Each structure stands twice: as C-alpha cells, then as structure tokens.
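Worksheet: one structure, shown below.
The values are calculated or read from the model by the stated rules, or taken from the named source; none is laboratory data. These numbers come from a predicted model, not from an experiment. Note: ideal-geometry Cβ built from the backbone for every residue, glycine included; neighbour counts use all protein chains shown. Each accessible area value is taken on the protein alone, full model and side chains, heavy atoms only, with ligands, DNA and RNA left out. Shrake-Rupley method; radii C 1.70, N 1.55, O 1.52, S 1.80 Å.
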Amino acid sequence: MTLLRRSLVAAAAAAALLAPLAAVAQDIKPRLIRFGYGLNEQSNQGRAVKIFAEQVEKASGGKMRVRAIGAAALGPDVQMQQALIGGAQEMMVGSTATLVGISKEMALWDTPFLFNNAKEADTILDGPIGQKVMDKLPEKGLVGLVYWENGFRNLTNSKRPVNKLEDLDGIKLRVMQNNVYLDSFKTLGANAVPLPFSELFSALETKTVDGQENPVNTILSSKFFEVQKYLSVTNHVYSPWIVMVSKKWWDGLSKDEQKILLDAARASRDFERKDTREEAARALADLKAKGMQVNELPAAEAARMRDKLTKVNASIGASVGMDLWNETQAALAKLRGGK
Ligand code: KDG
C-alpha cells in the first residue's frame, strides 16, 4: 500500500473515532440566545430579563443560555424587530406601540384610557383578545410569547405643571414612533416629536424637547428627574411591553425548547408585573425626593382629555378592525359589570 494511501486510511480512521466526540461536543455546546431590550439593566425591564434568563438556564440544564443585552445596545425597538425578522437576533422585549408599523392590530393597546386599572389590563392582554393580536405576528416573522407591564403613562416636562389641557399648548413633547401617540398629543395641543427611546434622555438634556410621557418606573430608572422639573400624573394610557422571538429561529427549536422559553416567559411576566407595581407604588415619593414637582391632573381635566381624544379612538377602531375593537369594548363592559 503506498504512503499516500496509508495516510488517507489513517485519516479516515481518526475522523471516524473523533466524529462521536464532535457530536457530543456539539450536544453540550449551549444554545445562545441574544435577548435585546431598551431600558437599562437596573430598570424593571432589565430585572425581568434577568429572571427570564435564569429560568431558561435552570429549566434547560444549561443547554440554553440567554445573553441579556440592555440599554438599546442592539438598537432601538424598531431595529431589533427587524433583526428578529431577519434571524440576526433571537429575542427582544419592547413596546407594542413601536410594533404598529409591522402589525397594525397592536395599535389597539395605544388607545388612550383603554384600561382603568391593571386588573383590566391583565385580563384582556392575557385572554383571548391579547392572544388574537399576538397571533397576527407569525405572518410577519415574529412570535409573541407574553405581555409585560410598561405601565400607565404620565407626563413630564421642564416648562410648567400640566393642570389643565391648555398647559400642553406649545410644549415640545417627545412621543414614541407611533401615529396614535403623535395624533393624540397633537390633538391635545402639544408639539409632538417622535423619537426612539434611546435618544430621549439627551433630547431632554439639550432641551431639543421640553417633555415626554412614560410610566413612573421609567422616569425613575432612566433618571429623567435629572432633566425634568414637573411630573403631571395623567395615566392617559396603559402601555404594554411584548416579549418576542424570531420566527425563523423559533421554528428551528424542538417542542421541548419552545416550552422552556414559553414557561420562562410566563414566569418572568408574573415577576415583572409584581416588581413593576411595587416599584410604581414607591415611585412618586422617590421622584419628589429627587426634586420633581408632582401634580395630579384633576378629574375634570382628565374627562376633557378623554373627550378630545374620542376622534383618535375612531381612527384606531378603523385601523385595527371594528370586529376586534367592538370585541374589546364588549369585554371591558362585561368586566365593569355591564351586560
Ligand atoms: O426599548 C424601549 C421600549 O421598551 C419603549 O417602550 C420604552 O415606553 C417606552 C418609550 O417611551 O419609548
């Protein structure tokens, strides 16, 4: 047998010996999941991603590892959404409001004053209507797992307290990149300026905008109190976050792996809502202690705000579909003791 032939036979034998080891090595190499989010690690959003990561690693015996990447290091919501659709990133949590450009039914959750309290929000979001809205995502390349709580949104600005609608006149107010928010605050008299969350602090600091609106948790964790004097409690809309997976990647997982992610998402949802509500209960006192001047919008002014925004609601109904709109209104009426 020639030297070449002997070498080839030896190489083939070595490869046959090493193949099972390579397969075992492949088996124990953990599946890495890049999970992007926009707030910082110390925020309620960051804390919940950490819980999700711990649950996944524990349930998979270390075979699935979540790399939590916060502070919009993977880009703003809209950029991460595209990365998931393209399969360049596995998971994210972000605002439903920034998803409307991809899935129009998500605009349902932008409806001003849709929910009166967290119980209504949990019941609708975790029930058949919330699932129906989520079921529109796979055709767009995304899979929604659960809704987390961003929370009821309130106004801050550097100019004056908002005690009546007219106090919004001329305020340059940053809003999320979403037409309902844009239309709503234009209707209320503000000069609405859409910006990604990642640019918000510097826009406030440089006075590019006078104000913004976010839940008190975010006002605290993003230190907006350093660049905003006035906090006016309006609770003008309940804002959900949504935990999503790239469908391209999801479809390649085993049923067991998919169940691990869904179970961990549900556990992190329950943690996140409890954690967010406990933090929100302390937040007004914390923000006052940090120098913010806090006022509550009087009920009569909130009623005026609702009335002014009814035409925005009509456009939402038309956009998400009147069946979904009417089903939601009926479910809420039933929850509130109506027929
Ligand atoms: O990644 C940031 C998003 O989670 C966004 O929802 C935060 O509420 C937010 C805003 O105002 O952009």
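Brief remarks on what is shown
- When 114, 173, 155 are checked against the criterion of being within 16 Å of the ligand (Cβ to nearest atom), surrounded by fewer than 21 Cβ atoms within 10 Å (Cβ to Cβ) and either under 26 Å from residue 233 (Cβ atoms) or modelled with pLDDT under 95 (or both), a single residue qualifies: 114.
- Hey, residue 224 open to solvent by 10 Å² or more (accessible area, probe 1.4 Å), aromatic (Phe, Trp, Tyr) and modelled with pLDDT of 95 or more or not: no
- Residue within the stretch 292-301 that is β-branched (Val, Ile, Thr) and surrounded by fewer than 16 Cβ atoms within 10 Å (Cβ to Cβ) present: no
- Within the stretch 273-291, the presence of at least one residue that is in contact (Cβ under 8 Å) with a residue 12 or more places away in the chain, farther than 30 Å from residue 55 by Cα, touching a helix residue (DSSP H, G or I) at 6+ places or on another chain (Cβ under 8 Å) and open to solvent by less than 20 Å² (accessible area, probe 1.4 Å) is confirmed.
- Residue check, residue 232 buried (at least 22 other Cβ atoms within 10 Å of the Cβ), among the small types (Gly, Ala, Ser) and either closer than 26 Å to residue 130 by Cβ or modelled with pLDDT under 95 (or both): no
- Subset of the stretch 235-253 (residues that are buried (at least 21 other Cβ atoms within 10 Å of the Cβ), polar (S, T, N, Q) and more than 10 Å from the ligand (Cβ to nearest atom)): 246
- Some residue of the stretch 215-229 being closer than 27 Å to residue 103 by Cβ, of a type outside the set (Val, Ile, Thr) and over 16 Å from the mean Cα position of the chain (by Cα): no
- Single residue of 139, 90, 166 found to be free of Cβ contacts under 8 Å to residues at least 12 places away in the same chain and of a type in the set (Asp, Glu): 139
- Options 48, 97, 68: the member that is at pLDDT 95 or above, over 13 Å from the mean Cα position of the chain (by Cα) and under 20 Å from residue 145 (Cβ atoms): 68
- Residues located in the stretch 74-111, provided they are within 13 Å of the ligand (Cβ to nearest atom) and either in a loop (DSSP other than H, G, I, E, B) or aromatic (Phe, Trp, Tyr) (or both): 74, 75, 76, 96, 100, 109
- Matching residues in the stretch 225-263 - criterion: being over 30 Å from residue 312 (Cβ atoms), polar (S, T, N, Q) and in contact (Cβ under 8 Å) with a residue 24 or more places away in the chain: 246
- Hits in the stretch 185-209 (condition: more than 10 Å from the ligand (Cβ to nearest atom) and either hydrophobic (A, V, I, L, M, F, W, C) or open to solvent by less than 10 Å² (accessible area, probe 1.4 Å) (or both)): 185, 188, 190, 192, 193, 201, 203, 204, 209
- Every test in (1) within 16 Å of the ligand (Cβ to nearest atom); (2) of a type in the set (D, E, K, R); (3) within 30 Å of residue 56 (Cβ to Cβ) is passed by residue 213 save one, and that test is (3).
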